[in-house]
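What follows draws every value from the coordinates through simple rules; no lab data is involved. Fair warning: this is a prediction, and the values are worked out from it, not measured in the lab. Positions of Cβ are backbone-derived with ideal geometry, glycine not excepted, and every protein chain shown enters the neighbour counts.
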Amino acid sequence: MNEIPSRYSPKDTEDKWYKFWEEKNLFSAKADPAKKPFSIVIPPPNVTGILHMGHALNNTIQDILIRYHRMKGEEALWMPGTDHAGIATQNVVEKSIAKEGLKRQDLGREKFIERVWQWREQYGSTIIRQLKKIGASCDWQRTRFTMDEEYSKAVLEIFVRLYEKGLIYRGSYIINWCPRCQTALSDEEAPHRDLEGNLYYLKYPFKDNPDEFVVVATTRPETMLGDTAVAVNPKDKRYKKHIGRTLILPLVNREIKIIADSMVDMKFGTGAVKVTPAHDPNDYALGKKHNLEFVNVMYPDGRMNDLAGDYKDMDRFEAREVILEDLKEKGLLKKIEPHSLSAGHCYRCHTIIEPYLSKQWFVKMKPLAKEALEVVRKGKIKFYPKRWTKVYLNWMENIQDWCISRQIWWGHRIPVYYCKDCQSAGKEESVIVSRAKPDKCPICGSANIYQDEDVLDTWFSSWLWPFATFYWPKESADLKYFYPTSTLVTAPEIIFFWVARMIMAGLEFMGDIPFKDVYIHGTVRDIEGKKMSKSLGNIIDPLEIINEYGTDALRFSLIAITSQGQDVFLAKERFEQGRNFANKIWNASRFIMMNLDPVQTKTCLCEFSKSEDLDIINRWILSRFYSTLKQVNKALDGYKFNEAINLLYSFFWHEFCDWYLESIKAEIKEKENQVVMYKILEKFLRLIHPFMPFISEEIWQNLPHKGESIMNQALPHLQEQLIDKKAEKEADMLFSVIRSARNLRAEIEVKPEQKVLLSVYAHTKAIKKLLADNQALVIKLSNLEGLNLLEAARRPEKTISDVENKFAQVFLHFGSLIDIAKEQGKIRQEISTESKRKEAKERMMANPEFVKKADPAIVENTEREIRELEEKIKRLEKLLDELR
RNA sequence: GGGCGCUUAGCUCAGCUGGUUAGAGCGUCUGAUUUACAUUCAGAAGGUCAGGGGUUCAAGUCCCUUAGCGCCCACCA
């Protein structure tokens, strides 16, 4: 066994085991009525995606849950797949063809979409390969894509059903328009960001008196070209007399009226607001109400159009500057004030959104939201951490209709057709909503029909993910078995986009919630708290970490620093802890394997069923293992991953390695040591496997074992009878004497190789017996020449004492005379600290309220502590006396 | 304008339903290398739990408040 290298090398093991798991088909899940289902649908990454730390965290958490439940004996399905990510993907492919000097319009719709599919063939599996690198145990044979034929059918089905139910409508409204992507966006896709801008005060002259003005304030002066009114509050004394008068809109010389509406805030700006119904949602409402003209002055790409007169073809921001210049020249720019405002930004390209009037398709959300609110309010769906519940409810309560049409090519084309003949006959626009392309117009019978050019919002397909991945609307045994899924693991950014909508879709189309628990993890940030992004250059690439430290190290460290739902501040050095831990597991296992008699691994622990059959150290470590197991289970069931992994870490390193293996080292060939160390290692590997799948498999395969892979073994079964609090206490006592000895050695700088004599006066007979029974252990671990158990509480000559030990007075024999003053100082210090503690406790006891109201166990505890402190102080005083 | 989170050791953070002397990792300091692991071991130093007020027998923990940092939502022209 000497050929096992002394360092764990992830590169030699990871790909090997991943391939093995795949070949053995160990990730696959089937509906099995005999087992409890556990299912997770992956938040489908964009096909354009490459793995970042957020993915690494998100998918590590899911993999831990899946592996954990699989090993618990449940039928665990992790449904993988990718999202076609309409705008993002189209942008990427547009960039790629731009290298050939092409625009998508040059290719035409069909050819362009062909190119996107080609692109997907070539690069679309990158993210999947990368997920495999982090150990994700998805059922890859089920991998879905939101543009798959079956999936697309589900998307159209949903559209048609919602339309038939009257929940989808088409209409002209002010929507969020990205002039760069040239498409409408939903409100969620246009997050507001603060901007430092200006408030411009413009003078609009009266028609009947050009020397008289109304001053309006605006942040977007370029939209003035589309003004069709000026509004004032009817209660505003300043303007009351002007209501109904006509103004001449400067630069365009359009006549516009002053109208009155209570919506106008008298306190803002001048109290008079220019009304641009085609370029502002508020103004749109005013326009509708007051029957104003809607003048759209921009092209879809953000340049001014022919209604903008001289400003035609200028970009909107260029036009702003020129318009201001021109107004200034005419003396119509009264002043400019700095003004901070916020504006929507395209979530794909960060361009400032233009509120834009256009005809789009919408989903009525209020009816869908009703039940989605109920299921969360009633706790049928639970958020972890809980606080996200409120965020969800708040959004759902104020839900707005959802703009679902996008003016791009890549996506599910809207299943709506129009009849050209009807249109040219000037009839009401005929809308044919159909799952398949109709042959002829149902009204006029003409075959001259065409499909709506728009595609659907990507999220309109994502919200079906928990059931469309099971080939809904077909009924299948899998859908029945695995739906509703168990847990959804995602990031907070995605609650509105996806989580909320999945809940609505699930309830509407499946008649049931899509998942029971929603675990929201934090955002991965850099060490300064900034979001990791390419443009900031602060990315830590998970693949680089895997390369340098190993996947298990990556997973360990990510999980260890992620407390429930808090953002993760990441520095590269954090992965050293994971790497070191993997190495520790490796070396402890290596040590065990080098000393393992394979015959003994067949021995059942139950041979030592009576506790006295095992020595204290073995009883202790077994108890500690099962206590840890119990706590880990509890932590995982409550989604406290960091707690679970920290428990495993400190158990293995600080208890199993530092104390247990060191304790049994000299007698490692003893049968009981052989059996216990082997059993614990093997069980520990199973327990750590969900967190660190590769190293656990590698070692487990090299240990004597039954079964083909650790990943389909059962989790260690909790053996309550082996949790032995008495053994834990006794081991603590032994360790504390050993620690005392080590401290004293350090205090007087005894050379490590120098053996010294230790005298101990145990506070109770039980402790004395324990020490007597385990002399060899204490001697070994403190490097003593002997252990002298004292009959009386008297200081032996030329010794120093450990004043802090709770269980015994510990004296280290020191060859020459000791520094009496120092020893006295130490003791006095301790007497003083302990006296203060005792006084504090006595004050508590003297308080009748405490005795009356506190938990009796606490009171009893306090009393006991006072007694113990009293005894300790007495002992210390005696020690001090003896020094005189 | 609302809402949420954070403030605990030099750094990054745990700390659950209030109850022993508040913990970890990293870093620092002392010592150790024929011994499974220097990616290691033994030990040490380091904290008025952001400030103020309150509730309670008892507050890092619950409530109020102030300040700083961060995030989310909102039709502030």
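So what is the relative contact order for chain A, in percent, with contacts set as C-alpha pairs under 8 Å and at least six apart?
Across chain A, relative contact order equals 12 percent.
Could you tell me which residue out of A:825, A:636, A:422 lies farthest along the dipole of chain A toward its positive end? Charges go on the beta carbon: Lys and Arg +1, Asp and Glu -1, centred on the Cα centre.
Farthest towards the positive end: A:825.
Checking the a/c ratio against 1.5 first, then a/b against b/c, what shape does the Cα gyration tensor give for segment A:265-348?
The shape class here is rounded.
In nm, give the distance between the simple-model label positions of residue A:708 and residue A:765, each being 7 Å from the Cα along the Cα-to-Cβ direction.
6.1
Quick check: from the Cα gyration tensor, does segment A:388-510 come out rounded (a/c under 1.5), prolate or oblate?
Since a/c reaches 1.5 and a/b is larger than b/c, the shape of segment A:388-510 is classed as prolate.
Suppose a student asked you for the relative contact order of segment A:229-294, using Cα pairs under 8 Å spaced at least 6 residues apart; what percent would you report?
With pairs under 8 Å counted, the relative contact order is 33 percent.
For residue A:110 and residue A:832, compute 0.36 nm times the residue count separating them, minus their Cα-Cα distance, and round to one decimal in nm.
Taking residue A:110 through residue A:832 to full extension adds about 251.2 nm, to one decimal.
Is there a quick way to get the dipole size of chain A? I mean about its Cα centre, with the Cβ of Lys and Arg at +1 and of Asp and Glu at -1; what is the value in debye to the nearest 20?
Magnitude of the dipole: close to 1340 debye.
In deg cm²/dmol, rounded to 500, what helix-only [θ] at 222 nm does chain A give when every DSSP H run of at least 4 residues adds -39500 (n - 2.57) and the total is split over its residues?
Here the helix-only value at 222 nm equals -12500 deg cm²/dmol.
Cross-link list A:16/A:572; A:726/A:841; A:267/A:330; A:683/A:806: which exceed 30 angstrom alpha carbon to alpha carbon?
The answer is A:683/A:806.
Filter the trypsin sites (Lys or Arg not before Pro) in segment A:384-419 down to the DSSP loop ones having no more than 15 other Cβ atoms within 10 Å, then list what survives.
Qualifying residues, ordered by number: A:386, A:387.
Nearest 10 degrees, 0 to 90: what angle lies between the long axis of helix A:366-377 and the longest principal axis of chain A (Cα atoms)?
Approximately 10 degrees, to the nearest 10.
What is the dipole size for segment A:743-884, taken about its Cα centre, with +1 at each Lys and Arg Cβ and -1 at each Asp and Glu Cβ, in debye to the nearest 20?
The calculated dipole for segment A:743-884 is roughly 100 debye.
Rounded, prolate or oblate: which one fits chain A, using the alpha carbon gyration tensor with axes a ≥ b ≥ c (rounded when a/c is under 1.5, else prolate when a/b beats b/c, else oblate)?
prolate
Grab the other residues whose beta carbon is less than 13 angstrom from that of residue A:596, score K and R as +1, D and E as -1, and report the net.
+2
Sequence gap at least 6, Cα distance under 8 Å: using those rules, report the relative contact order of segment A:554-652 to the nearest whole percent.
Relative contact order for segment A:554-652 comes out at 42 percent.
With a cap of 10 neighbouring Cβ atoms within 10 Å, and only residues DSSP puts in a loop, list the GluC sites (Glu not before Pro) found in segment A:1-49.
A:3
Just for chain A, what percent of DSSP beta bridges are antiparallel, to the closest 5?
70
Show the residues, 5+ positions off or on another chain, whose built amide H is closer than 5 Å to the amide H of residue A:249.
Amide H neighbours of residue A:249, under 5 Å, 5+ apart: A:254, A:255, A:256.
Is there a pair in A:207/A:240; A:755/A:780; A:11/A:531; A:207/A:274; A:380/A:480 whose C-alpha atoms are over 21 Å apart, and which pairs would that be?
A:11/A:531
Take every DSSP beta bridge with both residues inside segment A:164-259 and express the antiparallel ones as a percent of the total, to the nearest 5.
80
By how many degrees, 0 to 90 and rounded to 10, does the Cα axis of helix A:693-702 deviate from the longest principal axis of chain A?
40
Loop only per DSSP, at most 16 neighbouring Cβ atoms within 10 Å: give me the trypsin sites (Lys or Arg not before Pro) in segment A:620-678, ordered by residue number.
Loop-located and lightly packed - A:669.
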